[in-house]
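Right, one structure below, let's go through it.
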Amino acid sequence: MTLSDSLVAELDAARTSSVWEHATDLAVIEAKGSDRDKWLNGLVTSDVTKLARSPGSLQYGLVVGRTGKLQADLRIVQGEESLYLVVPRTVASDLLATFEKHLIMEDVELSMTALDV
């Protein structure tokens, strides 16, 4: 097998395989409700409205403060009836509190769980 054959094989594996990651340093904030997409779209840097609506679709984004200071990076995963925000566990409680402050009249419910896998 030549170097280029090896590289082609690795790239093919990256496209067709999944990655298992030890995730004890992550937490998940679940957002339910009919307004979740529009509400979250105003709080993160990525365009949540363009997230594919099939369960398992993933989008990467950032949470920034009013002055643009980075608060956290996050992965937004489309679920059946929810959006799952995968965030660093160290900032999850603060992010949840920030998100809850931005809930006024939107139909959005938030809850948090830690990942232990």
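Things to note:
- Pairing each residue of the range 69-86 that is small (Gly, Ala, Ser) with any residue that is part of a strand (DSSP E or B), provided the two are 6+ apart or on different chains, yields C-beta distances under 7 Å for Ala72/Val63; Ala72/Val87; Ala72/Pro88; Ser82/Glu30; Ser82/Ala31; Ser82/Lys32.
- Residue within the range 91-110 that is modelled with pLDDT under 90 and surrounded by fewer than 18 Cβ atoms within 10 Å (Cβ to Cβ) present: no
- Qualifying residues in the range 67-90 (those that are open to solvent by less than 80 Å² (accessible area, probe 1.4 Å) and among the aliphatic types (A, V, I, L, M)) - the one farthest from Leu110 (Cα to Cα): Ala72
- Of the set (1) farther than 15 Å from Met112 by Cβ; (2) open to solvent by less than 30 Å² (accessible area, probe 1.4 Å); (3) touching a strand residue (DSSP E or B) at 6+ places or on another chain (Cβ under 7 Å), all apply to Val64 but (2).
- Near pairs, Cβ below 7 angstrom, 6+ apart or cross-chain, from the range 41-68 (within 18 Å of Glu30 (Cα to Cα)) to any residue that is of a type in the set (Ser, Thr, Tyr) and assigned to a strand (DSSP E or B): Ser46/Tyr60
- Within the range 46-59, the set of residues being surrounded by fewer than 12 Cβ atoms within 10 Å (Cβ to Cβ) and either in a strand (DSSP E or B) or polar (S, T, N, Q) (or both) comprises Thr49, Ser54.
The values are calculated or read from the model by the stated rules, or taken from the named source; none is laboratory data. Quick caveat, the model's predicted, so the values are computed rather than measured. All Cβ positions, even for glycine, are placed from backbone atoms using ideal geometry, and neighbour counts span all protein chains on display. Ligands, DNA and RNA are excluded from the accessible area calculation, which covers all protein heavy atoms including side chains. Shrake-Rupley method; radii C 1.70, N 1.55, O 1.52, S 1.80 Å.
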